[in-house]
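Colleague: Dropping a structure here in structure tokens format, bear with me for questions.
The values are calculated or read from the model by the stated rules, or taken from the named source; none is laboratory data. Just so you know, these numbers come straight off a predicted model, no measurement behind them. Heads up, the Cβs are rebuilt from the backbone with ideal geometry, glycines too, and the neighbour counts pull from every protein chain shown. Note: accessible area is taken over every heavy atom of the protein model, side chains too, but ligands, DNA and RNA are not part of it. Shrake-Rupley method; radii C 1.70, N 1.55, O 1.52, S 1.80 Å.
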Amino acid sequence: MLNGYKILVYCTSRIHESNFNYFISALNDDLVLHGWRILIFSTLTDLFLKTDNSKGEAKIFDLINYEIADAVFVSNENLLNAEVKNGILQKAKAHNIPTFVFGGTNSEYFNIGFNHKLGIRKITKHIIEQHNVTDLHFLCGRQDSDVSNERLEAFKEVLAEHKIHFDESMISFGDFWEEPAKKAVQKLVDEGRVPGAIICANDSMAIAAVSVLRRNGYKCPRDVLVTGFDGIEYIFYSNPKITSALCSFQMLGIEVAKFILQIDNEIKENPQLKPFSKFIEPNLIISESCGCASNSSLSSFSKSFSNQSLEFITSLGTYYNLFRDEEYIYSQLSFSIQECSSLDEVAQKMHETLKINVKCFLKAECISDENCPNTSHTQSVYGDMMYVLFDPTSPQNEKKLFDTKDLVYNIDELFDIKKPLIFSPLNHIDLTLGYLVFYFDFYHKENFNRVSQITTWISNALFGFRTLQYQHYLQNRIERMYSLDALTGLYNRTAFLKMFEALKKNDKVEFLTLMMCDLDNLKTINDTYGHAHGDIAIKTVANAFLSSFDSNECICCRYGGDEILALFTKKVDPKSIEDKINNYIEEYNVNSGNPYKVSASIGIHSSCDKNFDAMLSFADELMYKKKIAKKNRRK
């Protein structure tokens, strides 16, 4: 629980996909009525391909604070990396949090999902019993997918019930994707094995199958019947419209909310409640691709869904144009961010461009230009503190750090909106940069599409910015290494003369004062106590310069040997300057414990001519007069 609200942590991926907005709107609206808030942690990909980039994305789940979670909901069908998925489930179990899995079968957790077997059974029986087709072929998903294997088993069961012989030649694998599905169907055509009906494990593969058959001269449904599964919107405007089984995600959202609220109440009375499963029956959508007339045979539910799809079709053009325009805007933002010279400037660019409800938080290590951007500098994935880079609800000039466990700076403000918070990872390959938090006022599909779009551009932009800033840091560091004297830390002669020339050309600088300092009796110290002590004496005088003068008021230089210069861009009081240097040296002598005393002679000359050689000559002459006076006094 957090700030009086019960918290559902929802772990998923690809929230821009079709039907997510229907699901999350139904789930959130029901839970909010009962005092819940939803935190969605989502990756851009399903993590099936175990690339370095997917590893970086998956680290968003390390951000989860299980201490505040009252329930965890994991989408088994969207997160296809078993290691990542099991890691979330095990952490939730370790914290004794009721955990729900969509499409799961593990008896340790509460499982909810669609009865895929029943849906495939309905479709297969319809083809056999209503259309008298027994020459069937099943287009599976991935070979290692539990979801695909479950649908295949249902297909086999119906064949057995109708005494139709099954063999391995009756299945192909389309991996749930369009291109692999096209290759599988083309292979059937090439081998002369085109069946009477192709039953596909999802709708995308069914649409792909129809296109391959048409390209090869086969008409659907005249020559081959084709069916899909899932009931995605595209089946209603394909040609022909696809017969399928509708897995209503709006209904799923309602049922998941009921399930969570039910278990939350039952656990209060029975803390030892054993997990169980709940399944939702898909609705059969009879349409054109199986040879049926869609207008007469659609159920009222399917007609309602079809009407939603007509609205979806008419908005496709608008969505495309909007996406194209925003893609250009975000690409320009990405380029401009990389040209920024500071994080404040980055935040300003984001304020000017991002007209969407999103906050951007960076790992605190990203604040420093000195940290190599290709390496993590924290023990945990996100570190202990996060930096607020962009927050449209806060003043831009207010620099804020907050505890990573809090997840969001001023999260109360977002809870008042009563909409889910979507956490999306900012990463470069496997390196974590931070995360974005989206909080939409409306459940429009284009909003969820923006999550992956904006996250991708901002990730690339911030890594590019950090890389360039680190390059500038290294360049400046190298320049300083070549500009500074190794012993004293003062500028060397070359750097000093370069800066003098710059001041000489600056019309705003009307007056220059040059101070020259030379150590007394350095040869005696070197000869008697060694050159190491001679270096200590030189460094002591250099430290007197560094501690006595602000770097903004003068430039200090080791001009050569034991000669130290200071250049001021104004007239100065010679006695005051000398006193500062001498007081520092005297204090050092009192506390050093060395058998010798460090001392120095100083000459100061001011001029408006800006002639370095002349100024140095005058200061040198004054310095030697004082040095000779010191020697005379000692005699």
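Colleague: Starting from residues that are part of a strand (DSSP E or B) and among the aliphatic types (A, V, I, L, M), keep the ones in the range 12-51 and report whichever is nearest to Phe176 (Cα to Cα).
Modeller: Ile40
Colleague: Oh, and also: Among the candidates Thr124, Thr134, which residue alone is in contact (Cβ under 8 Å) with a residue 60 or more places away in the chain, more than 24 Å from Asn76 (Cα to Cα) and surrounded by fewer than 20 Cβ atoms within 10 Å (Cβ to Cβ)?
Modeller: Thr134
Residue by residue, here is whether (1) open to solvent by less than 50 Å² (accessible area, probe 1.4 Å); (2) closer than 21 Å to Arg450 by Cβ holds:
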position	(1), (2)
Ile7	yes, no
Cys11	yes, yes
Arg14	no, yes
Ile24	yes, yes
Leu31	yes, no
Arg37	yes, no
Thr51	no, no
Lys55	no, no
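Colleague: With the condition being within 55 Å of the chain's Cα centre (by Cα) and not hydrophobic (A, V, I, L, M, F, W, C), I'd like the strands (runs of 3 or more DSSP E) fully within the range 554-635 carrying at least 3 qualifying residues.
Modeller: By residue number, 554-560.
Colleague: In the range 350-387, which residue that is open to solvent by 10 Å² or more (accessible area, probe 1.4 Å) and not in a loop (DSSP other than H, G, I, E, B) is farthest from Asn460 (Cα to Cα)?
Modeller: This residue is Met385.
Colleague: If you don't mind, another one. If you go through the range 466-473 one residue at a time, do you hit one that is under 16 Å from the mean Cα position of the chain (by Cα) and not acidic (Asp, Glu)?
Modeller: Yes, that holds for at least one residue.
Colleague: A further question on this structure: Tally up the residues in the range 155-182 that are open to solvent by 50 Å² or more (accessible area, probe 1.4 Å) and within 17 Å of Val224 (Cβ to Cβ), please.
Modeller: The total comes to 1.
Colleague: Which residues, taken from the range 57-96, are surrounded by 18 or more Cβ atoms within 10 Å (Cβ to Cβ) and of a type in the set (Gly, Ala, Ser)?
Modeller: Scanning the range 57-96 gives Ala58, Ala69, Ala71, Ser75, Ala92.
Colleague: Still on this structure: Quick one: in the range 388-429, which of the residues that are surrounded by 19 or more Cβ atoms within 10 Å (Cβ to Cβ) and in a loop (DSSP other than H, G, I, E, B) is farthest from the chain's Cα centre (by Cα)?
Modeller: Lys419
Colleague: I'd like to check something: does the range 602-619 contain any residue that is among the basic types (Lys, Arg) and out of contact with any strand residue (DSSP E or B) (no Cβ under 6 Å at 6 or more places or on another chain)?
Modeller: No - not one qualifying residue is present in the range 602-619.
Colleague: Also, quick follow-up: Between Leu514, Leu490, Leu484, which is farther than 25 Å from Lys363 by Cα, aliphatic (A, V, I, L, M) and surrounded by fewer than 19 Cβ atoms within 10 Å (Cβ to Cβ)?
Modeller: The conditions single out Leu484.
Colleague: Could we say that Phe438 is open to solvent by less than 70 Å² (accessible area, probe 1.4 Å) and closer than 26 Å to Ala257 by Cα here?
Modeller: In short, yes.
Colleague: Counting only residues that are at pLDDT 95 or above, assigned to a loop (DSSP other than H, G, I, E, B) and over 21 Å from Glu17 (Cβ atoms), how many does the range 224-254 have?
Modeller: Final tally of qualifying residues: 1.
Colleague: So, in the range 158-184, how many residues would count as being assigned to a strand (DSSP E or B) and free of Cβ contacts under 8 Å to residues at least 12 places away in the same chain?
Modeller: Here the count works out to 0.
Colleague: For the structure I just gave you, tell me whether Met615 is of a type outside the set (S, T, N, Q) and touching a Leu at 6+ places or on another chain (Cβ under 6 Å).
Modeller: So Met615 passes the test.
Colleague: Looking only at the range 422-448, which residues are aromatic (Phe, Trp, Tyr) and in contact (Cβ under 8 Å) with a residue 60 or more places away in the chain?
Modeller: Phe423, Tyr435, Phe438, Tyr439, Phe440, Tyr443, Phe448
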